[in-house]
1. Just one of (1) surrounded by fewer than 19 Cβ atoms within 10 Å (Cβ to Cβ); (2) among the β-branched types (V, I, T); (3) closer than 27 Å to Y58 by Cα trips up I129, so point out which.
2. Could you please find all residues in the range 37-64 being buried (at least 17 other Cβ atoms within 10 Å of the Cβ) and closer than 13 Å to I173 by Cβ?
3. Considering only the range 43-55, I want to know if a residue exists there that is part of a helix (DSSP H, G or I) and either at pLDDT below 75 or under 23 Å from H159 (Cβ atoms) (or both).
4. Can you tell me which condition S28 does not meet? The list is (1) among the hydroxyl-bearing types (S, T, Y); (2) surrounded by fewer than 18 Cβ atoms within 10 Å (Cβ to Cβ); (3) closer than 26 Å to E132 by Cβ; (4) under 15 Å from the mean Cα position of the chain (by Cα), and all the others hold.
Amino acid sequence: MKLKYTTITLIILVVGIFFIYKQQNDNSLYSTLKKEGFNLELINDFQINKDNLKENPYKSRIILAKNDNLPAGGETIKLKLLYDMNQEKAEEYIDDQKVILTSLYEPIPPPYPEFIGQEVSCDEKYKPILKEHELGEYYLLYAGERFGYGICEEEMVKHKSLLGYFYCDNKLIKLEYFIDKNQNFDLVEKIIKDLKCI
């Protein structure tokens, strides 16, 4: 009888230690975002590759996470969490980021004077599409091999992307989501469908 209680106690202890260890070493993006006050159900399979805290110019946390379960290259999420952001500071930050993004798609004058009138511009197909979400707004756009924006040529497009800014309880989240260019933009938008503050 004593051996039975000892065995049961030992099993409970091992299971308890396992769950404590798993919680402390949970490298999933889902649990990390939940601790930060955001709920995003469709990111259960994402594992964090990089996680850095920065203090300058804003206190922020930058996270890079991947999900290799999707065919054709998997999925990548880049997050920037900005802390201690009141509504006014958040709007100012978003406005600055919008100016930078939209300037990538503005017409560019020719580099030499002899090419007068041959302005280089981006086809409408490649320009960002702005959409609304209850916590902010986001863009659907194309990205290059190294996740850069401003791509205006088909052969340079490697990813379809979502770039969004979402505000919740003095935190601003900049979310970038990338999938293979052959996937549908509906799949891109689906990732934030259930984004909520908790």
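The values are calculated or read from the model by the stated rules, or taken from the named source; none is laboratory data. Bear in mind the structure is a predicted one, so any value in this text is a computation, not a measurement. FYI the Cβ positions are ideal-geometry reconstructions off the backbone, even for glycines, and counts take in every protein chain you see.
1. Among (1) surrounded by fewer than 19 Cβ atoms within 10 Å (Cβ to Cβ); (2) among the β-branched types (V, I, T); (3) closer than 27 Å to Y58 by Cα, the lone unmet condition for I129 is (3).
2. Across the range 37-64, the qualifying residues are F38, L40, I43, S60, R61, I63.
3. The answer is yes; a qualifying residue exists.
4. (3)
Residue by residue, here is whether (1) out of contact with any Gly (no Cβ under 7 Å at 6 or more places or on another chain); (2) part of a helix (DSSP H, G or I) holds:
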position: C152; (1), (2): yes, no
position: S161; (1), (2): yes, no
position: Y167; (1), (2): no, no
position: L172; (1), (2): yes, no
position: F178; (1), (2): yes, no
position: Q183; (1), (2): yes, no
position: L187; (1), (2): yes, yes
position: I192; (1), (2): no, no
